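Q: The structure that follows is given in the form of structure tokens.
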Amino acid sequence: TGVVDLGFLSTKSTRELHVYPLYRDRLMCVVPRGFKTKTPGVITPEEMRPHMFVVQDDSTDADTQAFLAKYHFSVRASCRVVDDMSTLAMVESGFGISILPSLILERTHGDVDAYPIEPMEYREFGIAVQNPQMIAPAVPQMAAHIEAYARIRRAEDPHTNAGFDPKPVF
């Protein structure tokens with residue numbers, strides 16, 4: 001029918017969907033290799049302010065847009081891209097810096113460095129469904145499997161997920 005039973009979505013971009021939180025993922029500032037910060041190992045929003053940004057389309061990157069709005073950035077974007085790999089390639093090529101979640105950076109490679117943002121910023125995402133009362137029978141079983149994995153990941157990253165204990169999805 002072309003209907004998706006469940007998906008993963010940031011809790012900041014929910015609109016009409018029901019999103020059940022699963023995980024907090026730290027936001028990182030991605031910079032060209034060799035970029036130096038004032039405090040080794042971290043970067044602040046103020047340090048990021050004078051730089052050009054590589055950003056994704058507003059409709060696909062709610063967490064970065066929320067970060068930029070929170071810190072009142074007037075973004076000078078050198079370019080706009082449509083996916084994470086393009087973002088990394090543009091940063092690597094020196095077109096600017098970017099903000100990406102740490103999970104994206106785990107399995108991607110490029111000639112870039114990534115610094116945690118201080119104070120800590122994160123995206124929160126979860127399982128999204130259109131109508132919780134009209135889900136397929138397999139969805140609760142799949143959700144339970146995903147929740148178990150998210151619990152393991154939260155335990156591996158207690159700093160970012162401190163105090164975050166979402167209720168079971170179904």
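Q: Run lengths n ≥ 4 of DSSP H only: what is the helix-derived mean residue ellipticity at 222 nm for the chain, with -39500 (n - 2.57) per run over all residues, to the nearest 500? Mind showing how you got there, number by number?
A: Values: 5 runs with 46 residues, N = 170.
So the calculated ellipticity at 222 nm is -7500 deg cm²/dmol.
Q: Let me ask something additional. What share of all Cα pairs of the chain, in percent, falls into each consecutive 10 Å distance bin?
A: 10, 35, 33, 18, 5, 0
Q: Using Cα positions and a limit of under 12 Å, work out the aspartates and glutamates in reach of LYS167, with same-chain residues fewer than 8 apart set aside.
A: Cα-Cα hits under 12 Å: GLU147.
Q: Still on this structure, please answer the following. Relative contact order for the chain: what is it in percent, counting Cα pairs under 8 Å that are at least 6 residues apart? Numbers along the way, then the final one.
A: Values: 279 pairs, mean separation 70.7, N = 170.
RCO, the chain: 42 percent.
Q: Using a 10 angstrom cutoff on alpha carbons, build the Gaussian network for the chain and name the most mobile of GLY34, GLY126, GLY94.
A: Answer for the Gaussian network model of the chain: GLY34.
Q: Around VAL81, which amide H atoms from residues at least 5 apart in sequence, or from another chain, sit under 5 Å from its own amide H, with H modelled in the peptide plane?
A: Answer set, sorted by chain and number: VAL55, GLN56, ASP57.
Q: Probe radius 1.4 Å, ligands and nucleic acids ignored: give me the carbon and sulfur share of the accessible area of the chain as a rounded percent.
A: Answer for the chain: carbon and sulfur cover 56 percent of the accessible area.
Q: On average, how much accessible surface per residue is there in the range 112-170, in Å², for a 1.4 Å probe, leaving out ligands, DNA and RNA? Could the numbers behind the result be given before it?
A: Numbers: 3470 Å² over 59 residues.
Averaged over the residues of the range 112-170, the accessible area is 59 Å².
Q: I've got another one for you. At 1.4 Å probe radius, can you tell me the per residue accessible area of the range 1-98 in Å²? List each step's numbers first, then the result.
A: On the way: 5390 Å² over 98 residues.
It amounts to 55 Å² per residue over the range 1-98.
Q: Please identify the DSSP H helices in the chain that span no less than 27 Å along the helix axis (Cα) and have a mean Kyte-Doolittle hydropathy of -0.5 or more. Could the numbers behind the result be given before it?
A: Numbers: long enough: 138-156 (28 Å, -0.22).
The qualifying helices are 138-156.
Q: What longest range of the chain stays clear of loop-exposed trypsin sites (Lys or Arg not before Pro) (DSSP non-H/G/I/E/B, at most 13 other C-beta within 10 angstrom)?
A: Numbers: sites that count: ARG15, ARG33, LYS36, LYS38, ARG76, ARG107.
In the chain, the maximal stretch lacking such sites is 108-170.
Q: Can you sort HIS109, HIS18 by 1.4 Å-probe accessible area, starting with the largest?
A: Values: HIS109 155, HIS18 85 Å².
So, going from the largest accessible area down, we get HIS109, HIS18.
The values are calculated or read from the model by the stated rules, or taken from the named source; none is laboratory data. If you're wondering where the values come from, they're calculated on a predicted model, not measured in any experiment. All Cβ positions, glycine included, derive from the backbone under ideal geometry; neighbour counts span all protein chains shown. These area figures cover heavy atoms from the full protein model, side chains too; ligands, DNA and RNA do not enter into them. Shrake-Rupley method; radii C 1.70, N 1.55, O 1.52, S 1.80 Å.
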